[in-house]
Amino acid sequence: MSHVVSIQRMDNLPVLQTGGNAGSGGIRNPIVVVALIPGSALTVGQTGPTVRINGGVNNSQTMLVEGMDASNSLGQGASQQNQVPTDAVEEFAIQTSNFAAEYGTAGGAMINMVTKSGTNVYHGSGYDYVVNEALNAYQPYLGTRNKIRQQDFGWTIGGPVIIPKLYNGKNKTFFFYSMEKFKQTNVVVSNSTVPTSAYRTGDFSRLISAENRLLSTAAGAATDALGRTIPSGTIFDPNTTAVAAANGRSYRDPFPGNAIPVSRFDPIAVKVLALVPLPQGPNFQRGLATNNYTGTFDSSRSTRIPSVKVDQNVGSKGRLSFYFQYTQTTTPRTAAGADPLPDTITAGVLAMADGYTSRLNYDYNLSPRMLLHVGVGYQSVDQGVPSV
């Protein structure tokens with residue numbers, strides 16, 4: 001059983017996801033049109049759509065791009081880290097049952113995508129999908145609108161390869177180029193904890209206040225091996241470690257005044273401390289010792305996905321076709337472990353995902369009933385953080 005989704009339906013359907021479901025790449029995803037196929041189930045999440053066909057296992061379909069397997073990045077997880085740009089798709093066909101022998105590796109379905117080729121006439125297109133809170137309705141009863149800025153834009157152009165006075169590719173050489181870009185602006189206000197001015201000089205006397213003079217435990221006030229009452233927040237001198245003769249328990253003496261002498265600071269720690277900013281923001285102004293640094297960090301996302309296809313007629317019976325696409329997604333600071341601290345000291349890092357897909361196909365008409373097809377392809381996804 002086979003189904004073909006027309007390009008017109010792809011253009012008219014809302015394949016661009018927004019907000020938390022914008023996908024790992026943010027760009028439009030042609031795979032979501034699988035929801036139009038009878039017997040299919042589609043769930044859209046941050047890593048892309050999850051596909052189920054005829055009650056089968058999630059993402060068990062096989063994906064072909066230009067006649068070659070692309071399941072490693074598209075079928076398993078159906079992520080947007082390496083996919084065909086929507087405006088470059090010429091045909092989206094899906095077989096959901098009773099596959100031919102050539103498609104024997106498919107589990108849930110066989111999805112075949114063929115990209116557009118140029119013709120003897122130049123054609124082009126341009127588009128821009130804009131998301132802005134100015135175009136959104138106000139929240140009921142609150143009268144507010146969450147700030148969201150997002151764009152998905154691009155263009156295509158295709159036609160014969162013509163170099164004035166050098167080469168005329170009409171009826172012989174054709175190209176089709178597609179570019180899609182996604183930009184999402186997201187500046188996050190967040191809090192972090194940094195040492196106060198007193199802590200930077202080793203003065204932790206404020207840790208022992210009237211409230212924590214006695215540490216409340218099930219057995220009463222906290223005492224050490226010598227029977228001394230130990231207030232919560234006490235800092236001990238590691239050089240004074242000893243064992244009490246009366247009970248054999250080890251103990252340490254507190255630093256006098258709960259202050260660590262600057263001369264005892266580790267040289268490496270001093271250099272790291274110099275990179276940590278001073279407290280700032282409303283929590284610091286209220287005298288809080290935690291979450292006392294308020295700042296912003298950029299978690300915006302940017303994706304670009306250029307693709308190009310070149311076709312060459314070889315004689316009257318042969319045709320050579322080359323396709324290449326490159327997908328790059330970057331985020332200035334990852335969401336996991338992100339904080340508003342400067343780049344030199346932050347726990348967040350620049351995240352990136354690069355994907356490459358290339359195809360080279362050759363077709364030759366051996367006879368009116370027999371076609372020779374030879375193809376070779378390469379595909380990879382590099383996801384992680386760049387070296388510094």
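Just a yes or no: is a residue in region 206-227 loosely packed, with under 12 Cβ neighbours inside 10 Å, modelled with pLDDT of 90 or more and part of a loop (DSSP other than H, G, I, E, B)?
Scanning region 206-227 turns up no residue that is loosely packed, with under 12 Cβ neighbours inside 10 Å, modelled with pLDDT of 90 or more and part of a loop (DSSP other than H, G, I, E, B).
Give the residue, chosen from G159, G169, that is more than 32 Å from the chain's Cα centre (by Cα), surrounded by 11 or more Cβ atoms within 10 Å (Cβ to Cβ), at pLDDT 95 or above and under 30 Å from S321 (Cβ atoms).
When all the criteria are applied, what remains is G159.
Any idea how many residues of region 347-377 are touching a Lys or Arg at 6+ places or on another chain (Cβ under 7 Å) and modelled with pLDDT of 85 or more?
Total satisfying the criteria: 5.
Only residues that are modelled with pLDDT of 75 or more and either touching an Asp or Glu at 6+ places or on another chain (Cβ under 8 Å) or loosely packed, with under 15 Cβ neighbours inside 10 Å (or both): list them for region 12-34, please.
Matches in region 12-34: N12, I27, R28.
If I go through region 150-199 residue by residue, how many of them are within 27 Å of G318 (Cβ to Cβ), β-branched (V, I, T) and either touching a Pro at 6+ places or on another chain (Cβ under 6 Å) or in contact (Cβ under 8 Å) with a residue 40 or more places away in the chain (or both)?
Number satisfying all stated conditions: 3.
For region 299-357, what are the residues that are open to solvent by less than 40 Å² (accessible area, probe 1.4 Å), among the basic types (K, R) and outside any strand (DSSP E or B)?
Selection gives R333 alone.
I'd like to check something: does region 295-302 contain any residue that is of a type in the set (D, E) and under 30 Å from the mean Cα position of the chain (by Cα)?
yes
For region 95-126, give me each residue that is at pLDDT 90 or above and either open to solvent by 30 Å² or more (accessible area, probe 1.4 Å) or farther than 27 Å from T156 by Cβ (or both).
V114, K116, S117, T119, N120, V121, Y122, H123, G124, S125, G126
Determine the pairs where a residue that is more than 16 Å from V189 (Cβ to Cβ), located within region 275-302, has a partner that is basic (K, R) with Cβ atoms under 6 Å apart, the partner being 6 or more residues away or on another chain.
S302/K183
Determine whether T290 is β-branched (V, I, T) and more than 15 Å from V194 (Cβ to Cβ).
So T290 does not fit the description; no.
The values are calculated or read from the model by the stated rules, or taken from the named source; none is laboratory data. Because the structure is a prediction, the values reported are computed rather than measured. Counting neighbours? That spans all protein chains shown, and the Cβs are built from the backbone with ideal geometry, glycine included. SASA here: full protein model, heavy atoms, side chains in, ligands and nucleic acids out. Shrake-Rupley method; radii C 1.70, N 1.55, O 1.52, S 1.80 Å.
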